[in-house]
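For reference, the structure discussed in these notes is given below.
The values are calculated or read from the model by the stated rules, or taken from the named source; none is laboratory data. Treat the numbers as computed from the prediction; the structure is a model and nothing was measured. Every residue, glycine among them, receives a Cβ derived from its backbone with ideal geometry; neighbour counts consider all protein chains shown. Surface areas here come from the heavy atoms of the whole protein model, side chains and all, with no ligands, DNA or RNA. Shrake-Rupley method; radii C 1.70, N 1.55, O 1.52, S 1.80 Å.
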Amino acid sequence: AQAVISEYTTGLKTLVAEKTAELKQSEILHRLLMEQAHDAIFTVDPQADRILTANRMAETMTGYSAKELLGLKNTGLYAPGEFARILRLLRGAEGGFGASAQIEMIRKTGTRLFADVSASAALFRGRRIVLAICRDISQRRMIEMHMRQLASVIENTSASVMIMDLSRR
């Protein structure tokens, strides 16, 4: 009986060691994916209005350090009402799986930026959390605005307008 128990214990220890190694590899891969992403990634507890995790791009995009982000109220990152709009979109999303929107965010400096946000909800430890992936589109929006202004000027001018590149083509 002692030999069977010993063999069983050894088998369990081996299984636990294998599963622990798999879990560690999975955690390493998760961290690598989060840190190498070119978009800001946040996990948020909307009930507590707290950021649970934020990747390196989230730091770059917002100007806050990771430690500051984790201590910050989530709604402090968005223009008034923007995060509530994301939550409303999530509630109205087909199947409740995800939603996307263009929103206005606020950097640590107080300057504003526009972001494409893809958000989804999940249950984690019995609480509803939100995963938000944000891409800064401020520069793209500024270019689009300048293009609209230029098009408006061209359309409303009575003079002939020619547009050339630097090679005069």
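Structure data summary
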{"item": "Candidate set from segment 129-169 (those that are among the hydrophobic types (A, V, I, L, M, F, W, C) and within 30 Å of ILE51 (Cα to Cα)); member that is surrounded by the most Cβ atoms within 10 Å (Cβ to Cβ)", "result": "ALA132"}
{"item": "Residue check for LEU29: free of Cβ contacts under 8 Å to residues at least 60 places away in the same chain, assigned to a helix (DSSP H, G or I) and open to solvent by 100 Å² or more (accessible area, probe 1.4 Å)", "result": "no"}
{"item": "Test: residue in segment 113-128 that is closer than 25 Å to LEU72 by Cβ, touching a residue at least 40 places away in the same chain (Cβ under 8 Å), open to solvent by 60 Å² or more (accessible area, probe 1.4 Å) and among the basic types (Lys, Arg)", "result": "yes"}
{"item": "Residue pairs meeting the criteria (Cβ under 7 Å; at least 6 apart or on separate chains; first on the phi > 0 side of the Ramachandran plot, in segment 137-156; second open to solvent by less than 90 Å² (accessible area, probe 1.4 Å) and at pLDDT below 85)", "result": "none"}
